[in-house]
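The values are calculated or read from the model by the stated rules, or taken from the named source; none is laboratory data. Computed from a predicted model, the values in this text were never measured in an experiment. Virtual Cβ from ideal backbone geometry, glycine too; neighbours counted across all protein chains shown.
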There are 2 protein chains.
Amino acid sequence: MRNLEEKTISTQSIFQGRVISLQVDQVELPNGNTSNREIVKHPGAVAVVAITPEDRIILVRQFRKPLEKTIYEIPAGKREAGEDPQVCAERELEEETGYRAGKWNHLVSFYTSPGFADEYLHLYQADELGKGQVNLDEDEFVELVEWTLPECVQAISRGDICDAKTVAAILFWQNQLHQS
Amino acid sequence: MRNLEEKTISTQSIFQGRVISLQVDQVELPNGNTSNREIVKHPGAVAVVAITPEDRIILVRQFRKPLEKTIYEIPAGKREAGEDPQVCAERELEEETGYRAGKWNHLVSFYTSPGFADEYLHLYQADELGKGQVNLDEDEFVELVEWTLPECVQAISRGDICDAKTVAAILFWQNQLHQS
């Protein structure tokens, strides 16, 4: 295997925000030439596939300013510094939906946009759901829905479900139904 | 359904880069309060699920500076302004891998990180593969591999496959095998 690494020559910090920061790295390419890489730093995230006993997935309807659209997503949230991903997932599920889960399984972890961002998302499955306490952030406004798999497939066709983690969640669910 | 929209009060442009740009919008929340949203603008992307007649998926080994890691991804690339997504997918598949496909199907489109970025990715399936011509960008260094589904599942466990679009691609492939 070839060494494809790009060595950092210099890093210029552009922006430090509340959620993300931005830097531009000058890098040495494998052939010795130089180039610039624009890099967004993100604290990381978790998301939860929660299926009710009635075989419906819990989704959160939420306005997303970057898209200027209100879309349906699985419950998710940013990690706090040093927070264990599963603890974060348990917290986010309860805060956003009012559900607690008796059983947790890690499904997969992935980078959402490895070309320009380091956001790393841990996807969990939550089972044995029971009632907890909703507690939204002060700038968070959401509505809950619970949809069957065919309803989710239709929502993907319509574009109401249109984000990577929720599409992955539904594909996992579909696969599990095929296997069971 | 409640109106969850956040109205833009003002937009501050922070950075205009080669690939992405960054702005901070001050918004009016549904309850009348104000907040800031940090927004990355991206030209959009395409990615390709290409399965060989030997039932192997074509992957590209590539160093990703935001992760400081070399990972395996399905062939993908950024859209040029006004470019049709399928034309872009055909171009990227051939440029990165040297494969052309006789048959194209759109699988799904999704936002990779709707919380902070508008990157929209179109995922295609490419069939009836034949030989074309590799033509990499001058700052693009990649190696090709072709893996079976069990090899991909192992690579996900190891963390060598760790990006959203490639995980989605493998879940689609798994689902298709279950259905056939």
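Taken over region A:30-41, residues that are within 7 Å of another protein chain (Cβ to nearest Cβ) and assigned to a loop (DSSP other than H, G, I, E, B) amount to 1.
When region A:1-34 is filtered for residues that are over 20 Å from A:Tyr111 (Cβ atoms) and surrounded by 17 or more Cβ atoms within 10 Å (Cβ to Cβ), only A:Leu29 remains.
The set of residues in region B:145-158 that are more than 8 Å from chain A (Cβ to nearest Cβ) and either touching a Ser or Thr at 6+ places or on another chain (Cβ under 9 Å) or aliphatic (A, V, I, L, M) (or both) comprises B:Val145, B:Glu146, B:Leu149, B:Cys152, B:Val153, B:Ala155. Restricting attention to region B:55-81 and to residues that are of a type in the set (Lys, Arg) and crowded, with 20+ Cβ neighbours inside 10 Å, the residue that is farthest from the other protein chains (Cβ to nearest Cβ) turns out to be B:Arg79. Checked against (1) more than 7 Å from every other protein chain (Cβ to nearest Cβ); (2) touching a residue at least 60 places away in the same chain (Cβ under 8 Å); (3) assigned to a helix (DSSP H, G or I), B:Ile161 meets all criteria but (3).
In region B:124-139, is there at least one residue being within 20 Å of B:Phe63 (Cβ to Cβ), modelled with pLDDT of 95 or more and of a type in the set (D, E, K, R)? There is no residue in region B:124-139 that is within 20 Å of B:Phe63 (Cβ to Cβ), modelled with pLDDT of 95 or more and of a type in the set (D, E, K, R). Of the residues in region B:78-94, at least one is under 22 Å from A:Lys165 (Cβ atoms), assigned to a strand (DSSP E or B) and free of Cβ contacts under 8 Å to residues at least 60 places away in the same chain.
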